[in-house]
1. Just a yes or no: is a residue in the range 247-265 under 22 Å from residue 195 (Cα atoms), crowded, with 18+ Cβ neighbours inside 10 Å, modelled with pLDDT of 75 or more and under 19 Å from the mean Cα position of the chain (by Cα)?
2. Can you pull out the residues in the range 510-557 that are small (Gly, Ala, Ser) and open to solvent by 20 Å² or more (accessible area, probe 1.4 Å)?
3. Just checking, how many residues over the range 172-190 are surrounded by fewer than 17 Cβ atoms within 10 Å (Cβ to Cβ) and either within 17 Å of residue 149 (Cα to Cα) or among the basic types (Lys, Arg) (or both)?
4. Go through the range 429-469 and report how many residues are closer than 20 Å to residue 100 by Cβ, of a type in the set (A, V, I, L, M, F, W, C) and either open to solvent by 60 Å² or more (accessible area, probe 1.4 Å) or touching a helix residue (DSSP H, G or I) at 6+ places or on another chain (Cβ under 6 Å) (or both).
5. Cβ contacts < 7 Å: first residue open to solvent by 80 Å² or more (accessible area, probe 1.4 Å), restricted to the range 73-88; second residue part of a helix (DSSP H, G or I), any location; separation 6+ or different chain. Result?
6. Filter the range 61-79 down to the residues that are under 20 Å from residue 536 (Cβ atoms) and either touching a strand residue (DSSP E or B) at 6+ places or on another chain (Cβ under 7 Å) or not in a helix (DSSP H, G or I) (or both) and list them by number.
7. Quick one: residue 110 ticks every box in (1) touching a helix residue (DSSP H, G or I) at 6+ places or on another chain (Cβ under 8 Å); (2) open to solvent by 60 Å² or more (accessible area, probe 1.4 Å); (3) small (Gly, Ala, Ser) except a single one, so which number is it?
Amino acid sequence: MLELKNISYESRIFIITILAALLPLTLYSLISIYNSSKTVTEIIKKELQNKSTLVAYDIDKFIAGRITNTRILSQADVLEGEDINKIIQYLTEIVEADEWIEDIDIILPSGIIIASSGIQNEKGLSILESSAEIRELFLKAVDAKQGDVFVSNAHILDTGPGIQFITPITDDTNAIVTSILTIEVNLKHIAQIVSLFDKGIIGDKYVYIVDNDGKIIISDDPDTELYDVFPDLSVNPKFLNAFSNQGDIGNIIYKDIHNDEVMAGYSDMSEFGVNKGLDWSIIAIAPLEDITAPLKSLEWKLFTVALIIAFISLIVVYKFTSKATTILKDIAFNADQISQGDFSKKLSKEIHAKGEIGLLIISFDRMTLKINEVISQLKEKNLELEELYITDKLTGLFNRHKLDMAIGEEIKRAERFNYSFGVILLDIDNFKSTNDTYGHQEGDVAIKAVSDVLSHSTNRSNDYAFRIGGEEFMILCHQKDFSGLNSFTNNILEKVESLNIPHKKNKASSYLTISAGAIQLPMDNDFTTEEMYRSVDKLLYEAKSSGRNNFKSKSFT
């Protein structure tokens, strides 16, 4: 056995250098790999959980928007009249203009349908006999008051799986229910939200929306159908407890029905307002193997880099012990920052070295530069998706999603800085005639022309124009007094009329016009968003009733 006293000091230094450099670096690499694995797993868990929560939130916004539409529609004056043909025409126009609505029915308290939209006209049928799924909600609506909206569970409609929104229509006293309004919305619109998030799930698993019994309502999984039991309940019954516990949000790792180890994030819809009545839960599933595959590759790269660093360090430290020790400490510190996700470090600026260590430092910089490029590309894609989410495709104006956000922000600013603001609701007059005369393609050209007028008229940074329906628009005016609001609205009407867009053939003087309702709101009262919509919609209706191509306004200050 070789005795230490027979070994030269140079050899001793070399051995000590190996132990001092190799062992700590190896230990550090193992710890870094362990921490990276743990951190990435936790990030993926949180991401899946957040995805399910975002799906729930978007569905809630969708349902809330349809509830608002139902309330507004139920208060239309035409529905209180006795001209059934006029009511049917009105309902049909609403369905044609609203991409979300599939069918609308007006029903007597006895259950007999007296008016129905479009080709699905069900006039004369009994809702109590033909739609057993909503019988209980219908009877509740008969005893309800104006503004109450009931949302059905998912069931099969004429156009496929969907849900219904039911609300009473009252007389002028708002005390007697004269009829019931039902609106059908196909689940394909909610399925689009699920599909968008499904594409972001790692691997070949899916996002599911299920009820409290574990039955599937919506999913892109081709092996499942409506009301099939969620497949993984057969191997993981604990999921059912999560569905039943209202408000449960979390994640879990388990083996699914295919014996694949998966990670699932779930969220109960009861956390999000109006959807409590739907009893739905969202589950986002991803294969654990696909999640950890990039991590394993990263671990191998970290281990390889660690070995390279150790080998180079041994040679350099043996010749230049003091200098190499300092360099290794600096490399270890910066490598630790990179392993923890700080890719902004550039080693070549902080450590000046030549030879192999200098090459290694350049390799680190290239790696972090590449990662930063990927991160930047992801951010750009996310910004593009966000822009698509809030922009109307045809006109380039903001859409209803952006309107909901902008109104909330404007109300908060107005409350904070104590100022009033204006809201203008605009609608193209007799737009159906334009479509019938010239076709929908020319109708789109007319809508785009009107949108350009609104866009050019709202050139201030705090004024926004929105397209909220087929031919319906809204403008949010920041800090405008009542006189300025009236002048602004009148100017828009004149600009649209001056476009000289033909409205009917063989009538040279018949050009496209718009009507509007405008209100000025202060922030020292209890005006709700719903009341704001109702007030401005009423003024628009008055403008339409008084001959069109004009506006009605009101100040609540």
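1. Within the range 247-265, one or more residues are under 22 Å from residue 195 (Cα atoms), crowded, with 18+ Cβ neighbours inside 10 Å, modelled with pLDDT of 75 or more and under 19 Å from the mean Cα position of the chain (by Cα).
2. Narrowing the range 510-557 to residues small (Gly, Ala, Ser): 510, 515-518, 535, 543, 545-547, 553, 555.
If the condition is that a residue be small (Gly, Ala, Ser) and open to solvent by 20 Å² or more (accessible area, probe 1.4 Å), then 510, 535, 545, 546, 547, 553, 555 are the ones that fit.
3. The qualifying residues number 5.
4. 2
5. The qualifying pairs are 86/78.
6. Of the range 61-79, the ones under 20 Å from residue 536 (Cβ atoms) are 64-79.
66, 67, 70, 71, 73, 74, 75, 76, 79 - these are the residues of the range 61-79 that are under 20 Å from residue 536 (Cβ atoms) and either touching a strand residue (DSSP E or B) at 6+ places or on another chain (Cβ under 7 Å) or not in a helix (DSSP H, G or I) (or both).
7. (1)
The values are calculated or read from the model by the stated rules, or taken from the named source; none is laboratory data. Model, not experiment: these values are computed from the prediction. Note that we place each Cβ from the backbone using ideal geometry, even for glycine, and neighbour counts take in every protein chain shown. Surface areas here come from the heavy atoms of the whole protein model, side chains and all, with no ligands, DNA or RNA. Shrake-Rupley method; radii C 1.70, N 1.55, O 1.52, S 1.80 Å.
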